[in-house]
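Note sheet for the following structure.
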Amino acid sequence: MRHRLDLAEAMLREHVHPSSLDGIKQEVMDEFDIVLAQMPYVGGADSRMSDFFMRLLGFMAISRVLRRHGVSLAVIGDIERDTYKAQLLTAPEAERLASGRQFMSAENQAFLREQAEKSLQEQFPDDFVYDFVEPGPGDTFEFGINYKACGFCKFAARHGDKDILPNICGLDFDAYATRGIHLERTQTLAGGASHCDFRFSRLQSGV
């Protein structure tokens, strides 16, 4: 989180008074402690979604604090996307593309199928629930995931963060693109759809 805030500092200076910047950064760290205490348990290391929560819930803290300081949701979204992309790009390209190849691999697809089946049991009420999607005739994606219940949506509804959910959703595209993966998504639960339709394929210059 401290690294993220350092990366965000130049953009933050454009939207908050410079004299309040250090105080805002500390306020975000304090809010991050609150968010960590609010983070639900969804199976620990046995669940792939635990990592999603740990990597992205920190942006809830940033959003809450900036919203309190009068920064618009659109600007918050821009700050968070640019910061997240900058942070992802600090990893060497070879390492990022290797991670992308692993994600798209047959072994990982088999793992995702197992995890999807497991999610349908809804063992943890605050967890994600999703289906693995095989491509059909004429489809250009390699595989997909339909999220039928979203842990972030549940978290936001419980803690009054529903208006900042679209900013969290917007982080997904860079998260995959920096690893050489093209994400196509036409709808989200946060936007009122019945499910989030993630479709994955390899970027030509990537994995």
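Taking the charge dipole of segment 62-171 about its Cα centre, with +1 at Lys and Arg Cβ atoms and -1 at Asp and Glu Cβ atoms, the residue from A156, L97, I145 reaching farthest to the positive side is A156.
On full extension, the segment bounded by E134 and S194 gains 19.7 nm, given 0.36 nm per residue less the C-alpha separation.
Rolling a 1.4 Å probe over the protein heavy atoms gives the chain an accessible area of 49 Å² per residue. Normalised by 2.2 N^0.38 Å, where N is the number of residues, the C-alpha radius of gyration of the chain stands at 1.05. For segment 5-103, a crude dipole built from +1 on the beta carbon of Lys and Arg and -1 on the beta carbon of Asp and Glu, taken about the Cα centre, is about 300 debye to the nearest 20.
In this structure, R202 and S19 have a Cβ-Cβ separation that, at R0 = 41 Å, corresponds to a calculated FRET efficiency of about 0.30. With point charges of +1 on the Cβ of Lys and Arg and -1 on the Cβ of Asp and Glu, referenced to the Cα centre of the chain, which listed residue (A190, M49, M11) lies farthest in the positive direction of the dipole? Positive-most Cα among the choices belongs to M11. For K118, the lysines whose Cα comes closer than 17 Å to its Cα, not counting residues fewer than 8 places off in the same chain, are K148.
Viscosity 1.306 mPa s, temperature 10 °C: what is the translational diffusion coefficient of segment 148-207 from Stokes-Einstein with a Kirkwood Rh over Cα pairs, rounded to a whole number of µm²/s?
On the way: Rh = 12.4 Å.
Estimated via Stokes-Einstein, D reaches 128 µm²/s.
Label positions at R55 and H159, each projected 7 Å from the Cα along the C-beta direction, are separated by 1.9 nm. Taking each DSSP H run with n ≥ 4 as -39500 (n - 2.57) and averaging over every residue of the chain yields -17000 deg cm²/dmol at 222 nm. Dimensions of segment 60-175 based on its C-alpha atoms, expressed as ranges along the principal axes with the largest first, amount to 48, 37, 27 Å. For the chain, set up a GNM with springs between Cα atoms under 10 Å and report which of I79, I34, I168 has the largest fluctuation. Sorting by GNM fluctuation, first place goes to I34. A dipole drawn for the chain from +1 and -1 charges on Cβ atoms has a positive end, and of G77, L21, I62 the residue lying farthest that way is L21. The Rg/Rh ratio for segment 1-106 is 1.02, where Rg is the radius of gyration of the alpha carbons and Rh is the Kirkwood radius.
The values are calculated or read from the model by the stated rules, or taken from the named source; none is laboratory data. The structure presented is a predicted model; accordingly, all values stated were derived computationally and were not measured. A quick note on method: Cβ atoms are made from the backbone with ideal geometry, for glycine too, and the neighbour counts reach across all protein chains shown. Keep in mind that these areas ignore ligands, DNA and RNA; they rest on the heavy atoms of the full protein, side chains included. Shrake-Rupley method; radii C 1.70, N 1.55, O 1.52, S 1.80 Å.
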